[in-house]
Amino acid sequence: MARPPFVGTDCATQWQKPISGIRSFGYTGGTMTATEADRTAPQPSLRERKKLRTREALIGTALDLFTERGFEGATLDDLCNAVEVSKRTFFRTFASKEDVVMAPTQDMWTAFTEELETRPVTGGGTLLAFLQDSLLAAVDRMTDEAWPRRVRLSRRLAAKNPSMDAHGLQFCDHTIRTSLATLRRRLTIEDPNDPRPRLALDLLAAANHWALERWVELPGEPDRDTFTAQLRTAFAAIPQSVTVTATPRATG
């Protein structure tokens with residue numbers, strides 16, 4: 001699928017000047033593909049595969065059930081009966097109804113925090129490029145064919161249910177704080193009170209939010225590559241978004 005045109009050049013090269021106070025940490029880009037990661041990852045045990053199948057069944061059934069009946073119209077008992085698991089099994093996997101419904105996007109952000117922990121930082125580059133490529137790599141790891149549909153169902157349910165939206169905001173804040181701690185541990189950030197790493201993470205989250213909104217609104221069944229294209233468009237717009245002129249609209 002063709003990617004949308006970038007503003008200027010590739011989004012990873014939009015901000016090439018290293019940030020003062022944050023030493024150049026040597027990021028040159030490059031992503032291990034999902035196929036390469038699969039080859040190098042240890043194979044899960046039979047027990048782990050069974051737990052994963054149960055988790056996937058809970059997510060898929062919850063999204064279909066709550067979409068059909070409404071988030072408040074279907075109970076946790078209804079979900080467990082449909083999947084044929086006990087509540088005890090459910091709570092070993094998820095903390096709440098909100099947690100299971102928000103799982104598709106939360107899985108992406110969990111993969112993002114793992115990328116921040118393991119992604120090589122040799123060479124030269126900017127913090128923003130490192131964050132952007134880490135999120136793109138996380139999306140690339142969402143290889144389940146059901147993931148795009150599940151994300152769209154999850155976002156549509158969240159738009160109608162304040163408790164889900166609040167759960168998502170709480171998870172987002174936790175993810176940003178975890179990511180910030182990882183950056184401070186892995187990178188040489190001279191000033192612990194420097195606001196720029198946190199602001200860079202907030203910009204990343206805002207770009208993802210814009211991309212998700214546009215992607216969910218697209219007609220048909222847009223796939224993961226289409227979401228990636230929306231993300232790249234948002235990333236490319238970040239530099240211009242902080243320098244756009246505030247021109248008053250003419251009246252009368």
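Read-outs: derived from the displayed coordinates by stated rules, not from any lab. Owing to the predicted nature of the structure, the values given are computational and were not obtained by experimental measurement. Please note: Cβ atoms are built from the backbone with ideal geometry, for glycine as well, and neighbour counts cover all protein chains shown.
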Next item on the list: Taking 7 Å along the Cα-to-C-beta vector as the label spot, tell me the THR143-THR182 distance in nanometres, rounded to one decimal.
Entry: 1.9
Check: Which order do SER45, SER179, SER241 fall in if you start with the one that has the fewest other Cβ atoms within 10 Å?
Finding: SER45, SER241, SER179
Check: By counting other Cβ atoms within 10 Å of each Cβ, how are MET164, MET108, MET102 ranked from fewest to most?
Finding: MET108, MET164, MET102
Item checked: Euclidean distance of C-alpha centroids, segment 104-137 and segment 61-88, integer Å -> 33
Item checked: Cα-projected label distance for ALA166 with ARG198, points at 7 Å along beta-carbon direction, nm -> 2.4
Notebook entry, point to check: What is the extension gain from GLU68 to LYS50, computed as 0.36 nm multiplied by their sequence separation minus the C-alpha to C-alpha distance, in nm to one decimal?
Noted result: 3.8 nm
Next item on the list: Pick out, in residue order, every one of the chymotrypsin sites (Phe, Trp or Tyr not before Pro) in segment 149-231 that is DSSP loop and has at most 15 other C-beta atoms within 10 Å; say none if there are none.
Entry: none
Notebook entry, point to check: For segment 128-186, which semi-axes, largest first and in whole Å, follow from the square roots of 5 times the eigenvalues of its Cα gyration tensor?
Noted result: 24, 18, 8
Item checked: For ILE189, distant residues with modelled amide H under 5 Å away -> none
Note to self: At 0.36 nm per residue, and after removing the present C-alpha to C-alpha distance, how many nm does the segment from SER86 to THR122 gain when stretched out fully?
What the structure shows: 8.2 nm
